[in-house]
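Peer 1: Have a look at this one before I ask anything.
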């Protein structure tokens with residue numbers, strides 16, 4: 001039981017880590033899994049991971065400066081941005097005429 005708890009504890013994301021650290025950790029974990037599965041070197045596996053859409057997004061998170069922004073702060077900012085986008089989409093949708101008349 002102690003061993004599984006320790007592994008679970010190690011794999012959780014800590015809110016005080018930087019976005020760059022979190023993104024790099026995810027990229028490394030994916031590259032290690034790929035290398036183990038395919039027999040590629042870790043460098044080859046990392047290159048393959050970075051060439052995926054998700055890998056490119058993680059690379060951007062890792063490489064773009066975030067002013068030591070914590071993961072928690074970044075998540076809050078992303079949630080606000082997405083909520084704003086959803087509100088805009090909803091507003092656009094409400095302005096569209098209905099596809100079928102409701103009263104005839």
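Peer 1: Note down, for region 17-94, the three equivalent ellipsoid semi-axes (square root of 5 times each alpha carbon gyration tensor eigenvalue), biggest first, whole angstrom.
Peer 2: Here the semi-axes work out to 31, 16, 9 Å.
Peer 1: Among 50, 90, 27, which comes first, then next, by fewest other beta-carbon atoms within 10 Å?
Peer 2: Ordered by Cβ neighbours within 10 Å, fewest first: 90, 50, 27.
Bear in mind that the values in this text are calculations on the coordinates, not laboratory data. Quick caveat, the model's predicted, so the values are computed rather than measured. Because the Cβ atoms are built from the backbone with ideal geometry, glycine has one as well, and the counts that use them run over all protein chains shown.
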